């Protein structure tokens, strides 16, 4: 847009005055423009993988797994809690009993933001008893943790309140997340404006699946991947089988990402995503080989950045 004040000044030979007036007009326009929160930072893949290495070491030292009620699970929770406490979060450990064993959820609240509009991002921290669970679901847990730490590093001040969660006993029936949701007062449930779930985001033969739930959350993820030139599909393999289900049943808007489990990748999917057609997205699903070797770095990196993008975008 041309500045008519500057044009008249130039015509009169007042170049210096014109420049000053133009600069002032631009400054005034900039100051009156609506501000937008800073874009989400890049989530360092090395940081996410460092957490996976720690979870692998914990499993190795505790019978090869991080399952509900086993020492490896509690050690995993303690590792995350220490990181979050040091980063300035208010953490809460919620205890419950399932299958005769004690389970735990870890909740981490970032200071500030509107308490009547809460954006949550979560993942299940437990593995099955047959393996260390590095893709399922160390990958989601590590991506959410590194996003939470990025919030702290940026000293992000969102308009909405941010809460992160890691659920116990998902593998035996979504027990931890159900426990959390069932104990929320009706008013507290209504204050959660979004729950984002991340269960398996680094599958070795990956797909790029988005939950078909809340339209605004779904669009946030699709737009992000669209910006990368990565096509997405609607997630159907695990629909209702992960920790977003209790939130959805309680009327909370939900969404999430998934890179595939035991279902085989089709030829069409291999053509657009790469990888091997006719092979499971994760051949080590619920097996002892679900180790740090069972991760696709590109998928983990893209999905970790997508976690942060959604957290920043939806909490403005």
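Where a number appears in this text, it was derived from the coordinates with a stated rule and is not lab data. In this text, all values refer to a predicted model and were calculated from it rather than measured experimentally. Glycine gets a Cβ as well: all are built from the backbone with ideal geometry, and neighbour counts include every protein chain shown.
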Quiz prompt | Angle between the chain longest axis and helix 15-32 axis [Cα atoms, degrees, rounded to 10] | solution = 30 degrees
Practice problem: Compute the Rg to Rh ratio over the chain from the alpha carbon atoms, using the Kirkwood formula for Rh, and round to two decimal places. | Solution: 1.10
Quiz item: Which of the peptides 236-242, 135-141 is most tightly packed, and how do the rest follow, judged by the mean count of other Cβ atoms within 10 Å per residue?
Solution: 135-141, 236-242
Exercise. Please order 120, 200 by the number of other Cβ within 10 Å, starting at the fewest.
Key: 120, 200
Practice problem: With no solvent and one equal point scatterer per Cα, compute the Debye intensity ratio I(q)/I(0) for the range 128-252 at 0.15, 0.21 Å⁻¹ and report its log10, rounded to two decimals. | Solution: -0.83, -1.58
Quiz item: Roughly how many whole Å is it from the C-alpha centroid of the range 245-273 to that of the range 138-188?
Solution: 19 Å
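Normalised radius of gyration for the range 92-145, please: alpha carbon Rg relative to 2.2 N^0.38 Å, two decimal places.
On the way: Rg = 13.9 Å, N = 54, 2.2 N^0.38 = 10.0 Å.
Relative to the 2.2 N^0.38 Å estimate, the range 92-145 comes out at 1.39.
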Exercise. Calculate the length of the line joining the C-alpha centroid of the range 294-316 to that of the range 75-135, in whole Å.
Key: 18 Å
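Just need the Rg to Rh number for the range 195-234, please, alpha carbons only, Kirkwood Rh. Numbers along the way, then the final one.
Values: Rg = 10.2 Å, Rh = 10.8 Å.
Result for the range 195-234 is an Rg/Rh of 0.95.
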Practice problem: With everything on Cα atoms, drop me the angle between helix 297-315 and the longest principal axis of the chain, reported from 0 to 90° to the nearest 10. | Solution: 60 degrees
Quiz item: Over the range 180-309, with a single point scatterer placed on each C-alpha, what log10 of the ratio I(q)/I(0) does the Debye formula yield at q = 0.14 1/Å?
Solution: -0.63
Exercise. Of the DSSP beta bridges with both residues in the chain, give the percent that are antiparallel, rounding to the nearest 5.
Key: 45 percent
Quiz item: For the chain, what is the mean residue ellipticity at 222 nm derived from helices alone (per DSSP H run of n ≥ 4: -39500 (n - 2.57); sum divided by total residues; nearest 500 deg cm²/dmol)?
Solution: -13000 deg cm²/dmol
